[in-house]
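Working notes for the structure below.
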Amino acid sequence: MTQYDFNRIEKKWQEYWAENEIFKAENNSKKEKFYCLDMFPYPSGAGLHVGHPLGYIASDIVARYKRHQAFNVLHPMGYDSFGLPAEQYAIQTGQHPAVTTKENIARYRQQMDQIGFSFDWSREVRTSDPNYYKWTQWIFIKLFESWYDNSQNKACDIQELIAIFSSKGNITINAACDQKTETFTADEWKAFSEKEQQEILLKYRLTYLAETEVNWCPALGTVLANDEIVNGVSERGGHPVERKKMMQWSMRVSAYAERLLQGLNKIDWPESLKETQRNWIGKSVGAEIQFRIQNSEFKIFVFTTRPDTIFGVTFMTLAPEHELVSEIVTPEQKEEVEVYIKQTGKRSERERMADIKNITGVFTGAYAEHPFTKEAIPIWIGDYVLAGYGTGAVMAVPCGDQRDYDFAEHFELPINNIFENVDISKEAHSDKDKNTVIAHSGFISGLMWDKAAKTVIEKLEEIGQGKGKTNYRLRDAVFSRQRYWGEPFPIYYKNGVPHTIPEENLPLRLPEVEKYLPTETGEPPLGRATKWHWDEGKCSVVSDQLADDKTVFPLELNTMPGWAGSSWYFFRYMELAISDGGKRDEVFASKDAMNYWKNVDLYIGGSEHGTGHLLYSRFWVKFLYDRSLVPVEEPFQKLINQGMILGESAFGYRLENENKFVSKNLVKNQKAHPIHTDVSFVNIHNGLNIEVFKNWRPEYKDAEFITEEDGKFIVHREVEKMSKSKYNVVNPDDICEEYGADTLRMYEMFLGPLEQAKPWNTAGITGVHNFLKKLWKLYVWPNSSKGGKSEFYISEEKANPESLKILHKTIKKVTDDIESFGFNTAISALMICVNELSAQKCNNREILEPLAVLVSPFAPHIAEELWEKLGHSESISEVNYPIFEERYVVENTKKYPISFNGKMRFTMDLPLDLSKEGIEKTVMTDERTKRQLEGKTPKKIIVVPGKIVNIVS
RNA sequence: GCGGGCGUGAUGGAAUUGGUAGACAUGCCAGACUUAGGAUCUGGUGCCGCAAGGUGUGGGAGUUCGAGUCUCCCCGCCCGUACCA
């Protein structure tokens, strides 16, 4: 066996790793822990393409590297196995989603095993497994049993709230709750009926049921969260979305807005992603101001970030949905207003977005009163004001806000300039400019905006017509989905009031249904379940245990959204499986396990989860922390977004109305359309295999091909997202078969920086494959005593200094690069190392042993094989990382600034051993330095650490 | 519009963070060996030039002894977000 036979080697070691459970992490190790996590995949039917494993390869390199560094590494994997595609497939075929999911998982597992990841599969999780979603339901119950105390700034037990209600009512409570909650005393609380009390409590719970305006997607038959909508259509499938009022479960994530924002400062995430989350949270500081309405009891509350412009208010605008509209509209305007509201209500969100330029609005006939000048301010309705943000009403300051300005111009409303020396004849002056002075503004005239804003807030508080306020864009997250393939809510209804199912009866299992569609009455698919088992042997419902009167209570028919299971799965991995003596059947994760593993040290995944998974996980973790259920407040300490691997689609140009294809360079003035062709039909020189293409589709069977002079047909290439429908998918299995998993792993890393999006181009793969072949050859030499036949041969003699130098340079470079995720340059360093060692014909154990360890995170299979050939019986993953020794790297130098005639002129590479004070040494200077010194060559330099180096001529 | 990022050979990309631009790899060219292959090895390869040399990191200016790197303006590209008061 002298050839690099990757197929044999890879199979051998993958089996070895699995049999000996090499990568099983311990929970009670004295070693330092390192938790290295990938975002777990949704197991889709299409299997993995070369883009999927990119992040897994990167984390696997880090995991293996950390093991060499003697860390106890937790590197788990699992499946986010609830989700839409399996359900859509079920609707079409009748196949149970659990069956499809199981098959897909098996395929994913097989593909992942082939790449040689060092996952600890004993800790695998699947969100659709009842033993897993039992705990998702359990956490939901904990959320249901909690409220958010703004005074303590944390979530607390709802029992505490009930205690306060019975002793003091809700007047002293500062809680995150529905705005319209009315105040009551302790006596009033006690007088409420059970149902009334439950309804009030629901307004305080961290997960609550409320009539919400939701994004309804008729095509998918479900509601979508804001982050599941892209450009007004559903992220999945691109179906239109409309607004609809529905009774829905919501998560009070808004209670955590400030902490979610502050927490970002403590974690090591890409700045762009943090910025995305900051935007999504959307904090704005300003004031809430009350405007009295003339001849009316009602008041309008507005939120503004510019209280300093209050004297510039010339009208007010309410959202069409604003609740006061119907109360304040004058009889003369009533009809016009109603028509307008009807019109805007009909327009979908999408139309409204597409139509920003069009200014619409209507006068209500009512007037508000300016809090300071007492002037009358006309109240308008306009759909540029959003009901969902702030208070759904704005004080319009045309001189300071462009939208107000446009609205005022359109309806010929007055525009008052309150800025000194600012021209507002063309547009509003909306920047918070430090140099702008406020004018014509009563007691704030002559002040800068920030001082003015402060003064206005003070004055408003004095007269009781406003206060400083911070507003967040982040809204509560809708948590109900009208779907089958998700976690059932552990909720039943008694007198229309939701109650949780007792913990000991979890999981509440998904019932069988004969069809995965909504019922005829419009209920979600779970409405079809005739028997709903939620525990072995006990049938449909809760009546036996919970109700005194044998009534059967209905269960919640919605299921939880995709992000429910993924918001806490990283804790589940910490707990050992039951078969390994873990407590997974007793707890979601045990205290001991969580106190040892704490949080994820490195999390690798795509940035598309920026406002979904990554925000909701932080929210749930903060909640669990508040309730002392987990020991950490942030789940992911360091996060890396791996860039997407794109596909290089190939197109053949087909002439319009003809079944004739024209090679790329021959298309001149003819009308030709690019037609996707499968990339596997195209060679690296963009030449199409015409025969294969013809047999691909019947319609191409008789197609004509106009080729270049050399008979080749050249295709046009374009970089696109890798997708089955674009025929540009490259399958990792094929690469593994042809070049091996080690080549695939290294090539994916060599392709470019991890964070960057990059097209897959198989052409360059021979580079890393050659590297592995050369590496193999370093350990295999021709033996002259056996007729020149090659065999494994290692010298036990001491290595020469040159070999040691290149080895230690490589150790340094590779180590630094792995630490900074520069895997592509680390591989370059390994290539240089192997090339130089080959040139030196170096085969000393002293060199080749540490080299194998250096390579092993990148190409673990070949490293294991070489390690074995070196005479070791343990896995290379148990071996310590080589130690870098500076003394071998002679030319390791440091830049020192050089002065000449007392003036700093340039810096120069000097050996490190010169860095001791006072050492004099003659230094050779290069041509460029000579030139800079105007021909004077320095003879000696004196090094003074931290100071400028003087040249002694 | 706003926010974040980027622009380097034919190509993917390096550059010790202000110090010999183009590492490494692909591609290409030349050669060696060869029962010819998509094998292996050697050399070359930013551009212009036979050469000496000149020139060169999207364009323009600036700071600096010195700029791919820092500052300003312009051009182009990508990502995120959007009537947020």
Exercise. Could you work out how far the C-alpha centroid of segment A:288-341 sits from that of segment A:67-118, in angstrom?
Key: 54 Å
Quiz item: Once you wrap a convex hull around the alpha carbon atoms of segment A:683-753, what is its projected area averaged over all directions, in nm²?
Solution: 6.8 nm²
Exercise. Could you sort out which of A:LYS12/A:LYS33; A:LYS31/A:LYS66; A:LYS142/A:LYS203; A:LYS660/A:LYS694 sit more than 23 Å apart by Cα distance in this structure?
Key: A:LYS12/A:LYS33
Quiz item: How many Å² of accessible area per residue for chain A, probe 1.4 Å?
Solution: 46 Å²
Quiz item: With a sphere of radius 15 Å drawn around the Cβ of A:LEU655, what net charge do the other residues whose Cβ falls strictly inside it have (Lys, Arg +1; Asp, Glu -1)?
Solution: 0
Quiz prompt | Hz values of 3J(HN,Hα) by residue in segment A:160-171 - Karplus curve (6.51, -1.76, 1.60), Gly and Pro given as x | solution = 4, 5, 4, 4, 5, 4, 6, 9, 10, x, 10, 5
Quiz item: For segment A:736-847, how big is Rg over Rh, using alpha carbon atoms and the Kirkwood form of Rh?
Solution: 1.03
Quiz prompt | segment A:128-231, relative contact order [Cα under 8 Å, separation at least 6], % | solution = 24 percent
Quiz prompt | Cleavage-rule hits (GluC sites (Glu not before Pro)) in segment A:283-330: DSSP loop, at most 13 neighbouring Cβ within 10 angstrom | solution = A:GLU297, A:GLU323
Quiz item: Of the cross-linked pairs A:LYS701/A:LYS726; A:LYS190/A:LYS494; A:LYS342/A:LYS467, which ones have a Cα-Cα span greater than 31 Å in the structure shown?
Solution: A:LYS342/A:LYS467
Self-check item: Within segment A:834-890, GluC sites (Glu not before Pro) in DSSP loop having at most 14 other beta-carbon neighbours inside 10 Å
Solution: A:GLU874, A:GLU885
Quiz item: In the structure shown, do any of A:LYS813/A:LYS841; A:LYS180/A:LYS283; A:LYS168/A:LYS591; A:LYS469/A:LYS598 have a Cα-Cα gap over 25 Å, and if so which?
Solution: A:LYS168/A:LYS591; A:LYS469/A:LYS598
Quiz item: Which whole-number percentage describes the relative contact order of chain A, with Cα contacts under 8 Å and a sequence gap of 6 or more?
Solution: 12 percent
Quiz item: At a 1.4 Å probe, what is the % contribution of carbon and sulfur to the accessible area of chain A?
Solution: 48 percent
Practice problem: Return the Rg/Rh value of chain A, two decimal places, where both radii are evaluated on C-alpha atoms and Rh is the Kirkwood radius. | Solution: 1.03
Self-check item: Estimated vicinal HN-Hα couplings, Hz - segment A:313-321 in sequence order (Karplus 6.51, -1.76, 1.60; Gly, Pro = x)
Solution: 5, 10, 6, 10, 10, 10, 5, x, 7
Quiz item: What list of ³J(HN,Hα) couplings, whole Hz, do you get for segment A:198-210 from phi and the Karplus terms 6.51, -1.76, 1.60, once you set θ to phi - 60° and write x for glycine and proline?
Solution: 4, 5, 5, 4, 4, 6, 9, 5, 6, 10, 9, 9, 8
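The values are calculated or read from the model by the stated rules, or taken from the named source; none is laboratory data. All values reported here derive from a predicted model rather than from experimental measurement. No Cβ is skipped: glycine too gets one built from the backbone with ideal geometry, and neighbour counts run over all protein chains shown. Quick note on the areas: whole protein, heavy atoms, side chains included, nothing else; ligands and nucleic acids left out. Shrake-Rupley method; radii C 1.70, N 1.55, O 1.52, S 1.80 Å.
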